[in-house]
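First comes the structure, then the notes that go with it.
The values are calculated or read from the model by the stated rules, or taken from the named source; none is laboratory data. This one's a predicted model, so the numbers in the text were calculated from it and none came from an experiment. Because the Cβ atoms are built from the backbone with ideal geometry, glycine has one as well, and the counts that use them run over all protein chains shown. These accessible areas exclude ligands, DNA and RNA; they are computed on the full protein's heavy atoms, side chains included. Shrake-Rupley method; radii C 1.70, N 1.55, O 1.52, S 1.80 Å.
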Amino acid sequence: MSVTKKQAVTLTDKKNGSKKRTRKHSLSIVDDEVINLNKKVKGKVNVKNSKLLLKNDIPLKKIEPDLKSTLAKQEDGDNELQSSQLSFTTNKSENSTKSKKISSAIKKDEETSETQVTNEYEEGESDDYKWWEADLEDDTEKWQTLVHNGVLFPPEYEALPNSVNLIYDGKPIKLPIQAEEVAGFFGAMINTDHAKNPVFQANFFRDFQLVLKESGGVLEPSGLKITDFNKCNFEPIFDYYESKREEKKQLSRAEKKALKDEKEKLEEPYKFCYLNGRKEQVGNFRVEPPSLFRGRGQHPKTGSLKRRVFPEDIILNLDKNAKVPELPVGHKWGEVKHDNTVQWLAMWKENIFNSFKYVRFAANSSLKGISDYKKFEKARELKNHIEKIRKDYNEKLHSKVTFERQIAVATYLIDVFALRAGGEKGEDEADTVGCCSLRYEHISLTPPNNVTFDFLGKDSIRFFQEVTVDKQVFKSLKLFKKAPKKSGDQLFDRLDPSILNKHLQNYMPGLTAKVFRTYNASKTMQDQLDGMNVELEQPIQEKILQYNAANREVAILCNHQRSVGKNHEASVQKAGDKIEELVWQKIRFKRALLQLNPGLKESDGKHFKDVWDLTKEKELEIIKRVSERDLLKFKRKFDNENEKKKEINEELLPETQLEEWMKKVNDQQNDYIKEVENDGKLSDEFMEKNNKEDKLREKIQKLEQRIVNANLQLKDKEDNSQVSLGTSKINYIDPRLSVVFCKRFNVPIEKIFTKTLRDKFKWAIESVDDDWRF
DNA sequence: GGCCAGACTTAGTACAGGAACC
DNA sequence: GGTTCCTGTACTAAGTCTGGCC
């Protein structure tokens, strides 16, 4: 048995039984072995009886000895990288000792260097692998072999300079390094809304005091007790971190690049893993750094200290034969598991909620792709049951049994308004709700059948909708709110998501409340696509606008919002001004054309109708605006250049230079004003420069195109100001619909999916034709 | 059958970096 | 070439759902 890095895999075409050499496999394969792979029918993957162990995955027992020898020596730099990232802060004095220990451990390691994932495999090999062309079978086992290099720990804490201190009651104090780090977390963010929130402050201060106590209390003045948050002044710390941020910004291009390269080198070993012998990307290989928890909305735990995670906290998951990633002397992994029924590579328990954090595969990995594919297929399957489900809940709205009626209304709300299931929340979580957890105060009823929903949903995003509902739904809701129910009481007191989901599974295996959101989102997109009025020869920009409009319908259905950016209003104003200026310029060139060839007014009148669209007042307003902006620009240029000259001790630009530039702007402004005063007649100087009819026409055409584009962009900007399109595109709209849109209307896929999304949805891009339907 | 740990998807936000503009 | 603005990605919080245990 020999090992080759790449070897063609012979595939058996199920349809005609013929053997084809179709592609190269990325790992060692047993000589001449024929691996049967059921060829997929285009666009279809057999999900029933799906097994995630794909038939062309390499069986562990067959490759194992070779894998071990093939996973060769690590490149020199890798160990050094480990040494730089594997240091774990405890306190200042321990730090240096630990770093030394780590360095020596790594040095030692270099001599016998052998690791799990090497760079021997060329990047991009996994690109060859198309799971959607394989036969998916049972999915209890997610992998047979899993090899990876563990996780990347955040850098150790760097102590503040001696001159930078927390001020308490007007006096600088010295803190133990652990407490200083926590003070630094707060100090660095005192200008944010979080830091102004009293709950955030209280939680931070409680944990800060705790860490201070754990680390032995204030160092100088010794014995000082920090008991009052209001006596703490974090400004010196804030100023320090601001200056660091500024320093980083001011780095030269080369310095920035060097830093980036260093970061990439550090990350390289963790970016990829080998799943069943194939190179796959790891998603979040970085362990979350310690920080202050930034909960959303009115979160009772916001500001709490998220503690540093050590190797001892980490549980690794890899195959039995994979080498356990090395750690510096004195450290060990919390646990090493070999659980192939799960999709995570590492996990740890975080300290705030005692919940788990996972290191997983990247979105473009085969496992994630298969999950995504199955999710959309399940939603598609709902098509076959939705009619019956709707018929049933409409009937049960009349039921005398409250439980049945509650199930019916809840299903109605989930189906029609895309509400989430709404699980129970704890005391230590933000008060947000979904369907089953709606309370008395979250809906108001206005006869005959109007309902106002007003509650905070996931991420404390407000769900506010005034809607008209089915009359029987209205009646039922009235019943569910009937006295003695009062504010604070559950609307659906007989339900919770598990009861509801159990009921839904009577209609279709695997049907849950969540599936309705995917189904209705994709169905909405399909309907929008069907109703689109797109001409093939339309500009792409316009086609994209139509796609975005459809995407927006879905986002609105799912209540995907985003906060309006601070600069939104100014940016809309600016875009409007820009359009006005483009129109003005276009008009000036059209006037020039008429001046050059007055006969055009007769022969081609309709193209010059807009020449007098702007009033004189408007034109003067635009001229004033343009001139003011130019003046400001030259003033800034003058200041900037002199600043630079000052730095390199060069002679400064004289004031006369600025005056000269300003005169230029003023002269220009006067020319423009003269034009307006002369009823649009262009100056001789302007006409001399623009004395060719075809050149003028070209300029006008370019300006017209720019105006169209700018208007489209402005419309999109306004329509999207509060709606977040990304979430629905990434999670709810079957990507095959977007591919169909692109194919049908000849729009490059790059215009709809970013690089990341193209990788994530490769299965959709490569598997559908333009007549595919959700 | 209820509870809850565990595993996964869905979500908004921060910010880096690149495109657009001048 | 510098500045501004916007897009894409990383990050991690916050949901949903399953299944094992008692």
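Surrounded by 21 or more Cβ atoms within 10 Å (Cβ to Cβ) and away from DNA strand B (no atom under 14 Å from the Cβ): does that describe A:Ala346?
On the way: surrounded by 21 or more Cβ atoms within 10 Å (Cβ to Cβ): yes; away from DNA strand B (no atom under 14 Å from the Cβ): no.
Answer is no for this residue.
Among the residues making up the stretch A:191-223, those that are in a helix (DSSP H, G or I) and within 17 Å of A:Asn165 (Cβ to Cβ) are A:Phe208, A:Val211, A:Leu212.
For the stretch A:516-529, the criterion of being within 11 Å of DNA strand C (Cβ to nearest atom), open to solvent by 40 Å² or more (accessible area, probe 1.4 Å), polar (S, T, N, Q) and over 19 Å from A:Cys742 (Cβ atoms) is satisfied by no residue at all.
Within the stretch A:642-689, the set of residues being open to solvent by 60 Å² or more (accessible area, probe 1.4 Å), in a helix (DSSP H, G or I) and in contact (Cβ under 8 Å) with a residue 40 or more places away in the chain comprises A:Gln668 only. Quick check, is A:Arg253 open to solvent by 20 Å² or more (accessible area, probe 1.4 Å) and over 30 Å from A:Asp428 (Cα atoms)? Judged against the criteria, A:Arg253 is a match. When the stretch A:373-396 is filtered for residues that are out of contact with any Phe, Trp or Tyr (no Cβ under 7 Å at 6 or more places or on another chain), open to solvent by 30 Å² or more (accessible area, probe 1.4 Å) and within 16 Å of DNA strand C (Cβ to nearest atom), the ones remaining, listed by number, are A:Lys374, A:Lys375, A:Glu377, A:Lys378, A:Glu381.
Just name the residue that is farthest from DNA strand C (Cβ to nearest atom) out of those in the stretch A:363-372 that are in contact (Cβ under 8 Å) with a residue 40 or more places away in the chain and open to solvent by 10 Å² or more (accessible area, probe 1.4 Å). Here the answer is A:Asp372. Remark: pairs (first residue in the stretch A:207-222, touching a residue at least 40 places away in the same chain (Cβ under 8 Å); second residue in a helix (DSSP H, G or I); Cβ separation under 6 Å; 6+ apart in sequence or on different chains) = A:Phe208/A:Val182; A:Val211/A:Gln178; A:Val211/A:Ala179; A:Val211/A:Val182; A:Ser215/A:Gln178; A:Ser215/A:Ala179. Considering (1) at pLDDT below 95; (2) over 29 Å from the mean Cα position of the chain (by Cα), the lone condition that A:Asp193 does not fulfil carries the number (2).
Kindly check whether there is at least one residue in the stretch A:199-210 that is β-branched (Val, Ile, Thr) and surrounded by fewer than 18 Cβ atoms within 10 Å (Cβ to Cβ).
There is at least one residue in the stretch A:199-210 that is β-branched (Val, Ile, Thr) and surrounded by fewer than 18 Cβ atoms within 10 Å (Cβ to Cβ).
The sole residue among A:Ala592, A:Ala550, A:Ala555 that is open to solvent by less than 70 Å² (accessible area, probe 1.4 Å), within 30 Å of A:Asp734 (Cα to Cα) and away from DNA strand B (no atom under 15 Å from the Cβ) is A:Ala550. Remark: pairs (first residue in the stretch A:287-306, on the phi > 0 side of the Ramachandran plot; second residue away from DNA strand B (no atom under 15 Å from the Cβ) and open to solvent by less than 40 Å² (accessible area, probe 1.4 Å); Cβ separation under 6 Å; 6+ apart in sequence or on different chains) = A:Gly303/A:Asn203; A:Gly303/A:Phe204.
Checked against (1) closer than 30 Å to A:Arg773 by Cα; (2) of a type outside the set (Val, Ile, Thr); (3) out of contact with any strand residue (DSSP E or B) (no Cβ under 7 Å at 6 or more places or on another chain), A:His560 meets all criteria but (3). Report yes if A:Lys357 is surrounded by fewer than 21 Cβ atoms within 10 Å (Cβ to Cβ), under 30 Å from A:Cys436 (Cα atoms) and in the same structural domain as A:Gly277 (by TED's automatic domain parsing), otherwise no. Spelling it out, A:Lys357 is indeed surrounded by fewer than 21 Cβ atoms within 10 Å (Cβ to Cβ), under 30 Å from A:Cys436 (Cα atoms) and in the same structural domain as A:Gly277 (by TED's automatic domain parsing). Just for the stretch A:110-151: of the residues that are at pLDDT below 80 and part of a strand (DSSP E or B), which one is most open to solvent (accessible area, probe 1.4 Å)? Only one residue tops the list, namely A:Asp138.
Residues considered: A:Ser683, A:Ser738, A:Ser728, A:Ser721. Of these, the only one that is within 21 Å of A:Arg588 (Cβ to Cβ) and either in contact with a helix residue (DSSP H, G or I) (Cβ under 9 Å, 6 or more places away or on another chain) or more than 16 Å from DNA strand B (Cβ to nearest atom) (or both) is A:Ser683.
Residues in the stretch A:431-477 that are open to solvent by less than 20 Å² (accessible area, probe 1.4 Å) and either within 16 Å of DNA strand B (Cβ to nearest atom) or at pLDDT below 95 (or both): A:Thr432, A:Val433, A:Gly434, A:Cys435, A:Cys436, A:Ser437, A:Phe453, A:Phe455, A:Gly457, A:Phe463. Answer yes or no: is there a residue in the stretch A:147-158 that is without any contact (Cβ under 8 Å) to a residue 60 or more places away in the chain and either more than 16 Å from DNA strand C (Cβ to nearest atom) or on the phi < 0 side of the Ramachandran plot (or both). Yes: one or more hits.
Each residue in the stretch A:599-636 was checked for being within 16 Å of DNA strand C (Cβ to nearest atom) and either open to solvent by 90 Å² or more (accessible area, probe 1.4 Å) or in contact with a strand residue (DSSP E or B) (Cβ under 8 Å, 6 or more places away or on another chain) (or both), and 5 of them qualify. Restricting attention to the stretch A:535-544, does a residue exist that is part of a helix (DSSP H, G or I), touching a Lys or Arg at 6+ places or on another chain (Cβ under 6 Å) and either more than 15 Å from DNA strand C (Cβ to nearest atom) or under 15 Å from A:Val747 (Cβ atoms) (or both)? Taking every residue of the stretch A:535-544 in turn, at least one turns out to be part of a helix (DSSP H, G or I), touching a Lys or Arg at 6+ places or on another chain (Cβ under 6 Å) and either more than 15 Å from DNA strand C (Cβ to nearest atom) or under 15 Å from A:Val747 (Cβ atoms) (or both).
Against the numbered list (1) modelled with pLDDT under 95; (2) open to solvent by less than 60 Å² (accessible area, probe 1.4 Å), A:Pro509 comes up short only at (2). For the stretch A:264-298, the tally of residues that are under 12 Å from A:Ile352 (Cα atoms) and either buried (at least 22 other Cβ atoms within 10 Å of the Cβ) or within 14 Å of DNA strand B (Cβ to nearest atom) (or both) stands at 5.
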